[in-house]
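Report on one structure; see the data block that follows.
The values are calculated or read from the model by the stated rules, or taken from the named source; none is laboratory data. These numbers come from a predicted model, not from an experiment. All Cβ positions, even for glycine, are placed from backbone atoms using ideal geometry, and neighbour counts span all protein chains on display. Ligands, DNA and RNA are stripped out before the accessible areas are found, and what is left, the full protein with its side chains, is counted by its heavy atoms. Shrake-Rupley method; radii C 1.70, N 1.55, O 1.52, S 1.80 Å.
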Amino acid sequence: MPSELDPKDWNAFRAVAHQALDDAITYMQTVGDRPVWRTVPEDVKKALREPLPETGQPLEQVYSQFKELVLPYPNGNIHPRFWGWVMGTGSPTAMLAEMLGGAMNAHLAGYDQSPSIVEEQTLEWLKQMLGYPMEATGVLVSGCTTANLIGLAVARHAADPEIRASGLGGRQMTVYGSTETHSWAAKACELMGLGKAALRLVPVDSDFRIKLDDLAAQVAADRAAGMQPFCVIGNAGTVNTAATDDLNALADFCEREDLWFHVDGAFGALAALVPKLRPQVAGMERADSLAFDLHKWGYLPYEIACIFVRDSAVHRSTFATKAHYLNAIAGGVAREPLVFPDLGIQLSRGFRALKLWMALKNQGVDAWARAIERNVDDCQYLAARITATPELELLAPVPLNIVCFRYRAPEAEANALNQAILVRLQEDGIALPSSTVIDGKFAIRVANTNHRTSREDFDVLVEAVVRLGSSLLVPAQ
Ligand SMILES: Cc1ncc(COP(=O)(O)O)c(C=O)c1O
């Protein structure tokens, strides 16, 4: 008897699936015609909170509920006027890859199968694209938080391999990064048992780059106090303002001080694809480990990121485990040893590489480079428009793809006013920047990793902020 988990009637399934694919294509094609975002209506929220489905219902019904209750209410990140946080836009080609990968449901621990070769090949391409040493080992992971955690775990293992067996004991190991370092670093220190206090946050200069003298002083002071500094984090594109530390100087410092050099290039690493931006991230290729996302500036759908480690032996020995049931044997599918579980946290892994493989082959690296270059040029255009608009104020330099600005107002009102402007932009479905705080000032923050954005979209934003600012600002009595 056929299982109930496969369709009873494959032709009926095919009809619904064809309709769903058609709808998904139209949905992506027409995304710019809809508001950027709208809140989930109360009745939809209520309808989604339903009891456990004890018995099944026809796929047509489930699909029509998806269309009515789920599809219309995303947070908007594939829309041309979405620039919140650092969220990617995905692409139709990669959507197709996700579906095909789902059909294969490949298990990517290794084995003698073409999906493993696809992942290995895409990793080779990524090294080549970023100019990272080809002898490095790498693995695709869910996101840069995980990629960075893996990098830091390898750094700790390189400093003291004994920790795998005995734990930290009384060791007080310390990690260094600028105050602009993303919150993944504190999380990683906590998870690794180092404690958040192990993360030494070093001040930045007026360009939000780590102050090298302060870094050196902190490392020296910690050593004098009996701590064990082991790693420096360099940022290639900070999350607040897209600042990049002087990576060559950090690499030199780490060499001199015998410290592991880890680079968080979540989105900034991809700037290396553009010849005129490459100098900004120079030195990244000297990192002992490099983490970056592909679901941000690689324009791929969630989730996909990568970690590279220059010293493959240290990389493997950080994670390698043994179990009889996972042994390679002389022939058959397990003739190839498992590659990926020894390079990271996961044993069972999905076929993330397929969307990368298909997108790169279909779009070409050149198209990614052009999209990144355009994102950066358009941010310069936005910054110039802000500077030329007397009502607006730029709050930070714009080295790459993030623009922080605000509507000018008396200082006592500025933060509340700009927050109100941001909420109206979002709730009116006009545009979706997010926010940050720069030197105590609430900033409207535009992070452009959106290949669908045009300059006209930024014109809409500037005009809307000016209009909302003047209507929401209460005139002085
Ligand atoms: C600089 C930086 N590092 C790390 C991360 C975390 O990446 P993910 O959200 O993919 O876990 C982000 C996310 O925005 C980031 O901007």
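The accessible-area ordering, largest first, of the residues 407, 111 stands as 111, 407, per a 1.4 angstrom probe.
Near the amide H of residue 228, within less than 5 Å, lie the amide hydrogens of 172, 173, 174, all on another chain or at least 5 residues away, with H placed in the peptide plane. Rounded to the nearest 20, the size of the Cβ-charge dipole of the range 237-354 about its Cα centre is 540 debye, with Lys and Arg at +1 and Asp and Glu at -1.
The simple Förster model, with R0 at 41 Å and r as the Cβ-Cβ distance, assigns residue 125 and residue 54 a FRET efficiency of 0.30.
Element breakdown for the range 106-350 at a 1.4 angstrom probe: carbon and sulfur atoms account for 53% of the accessible area.
The slack between residue 168 and residue 68, meaning 0.36 nm per residue of separation minus the straight C-alpha distance, is 30.8 nm. Net charge dipole, the chain: roughly 140 debye, given to the nearest 20, about the Cα centre with Cβ charges of +1 for Lys and Arg and -1 for Asp and Glu. Charge dipole of the range 365-472 (Cα centre as origin; +1 on each Lys and Arg Cβ, -1 on each Asp and Glu Cβ, all else neutral): 80 debye, rounded to the nearest 20. Annotation: aspartates and glutamates with alpha-carbon distance below 15 angstrom to residue 441 (same-chain offsets under eight excluded): 393, 411, 413. When peptides 59-69, 296-306 are sorted by average Cβ neighbour count within 10 Å, with the highest value leading, the order is 296-306, 59-69. Take the range 106-350 with all the other protein chains still there, run a 1.4 Å probe, and you get 39 Å² of accessible area per residue. Here is the P(r) of the chain: all C-alpha pair distances, binned every 10 Å from 0, give 4, 18, 25, 25, 18, 8, 2, 0, 0 in whole percents.
Here the range 50-84 is scanned for amide nitrogen atoms under 13 Å from the site 7 Å beyond the Cα of residue 28 along Cα-to-Cβ, giving 78-79. The alpha-carbon of residue 355 sits under 16 angstrom from the alpha-carbons of these lysines, leaving out residues fewer than 8 places away in its chain: 296. Local charge for residue 131 was computed over the other residues whose Cβ lies under 11 Å away, with Lys and Arg +1 and Asp and Glu -1, and equals +2.
Between residue 109 and 349, the built amide H atoms are under 5 Å apart, and every one of these is 5 or more places off in sequence or on another chain. Considering only 277, 76, 332, and ranking their Cα positions along the charge dipole of the chain that arises from unit charges at the beta-carbon of Lys, Arg, Asp and Glu, the one farthest toward the positive end is 332.
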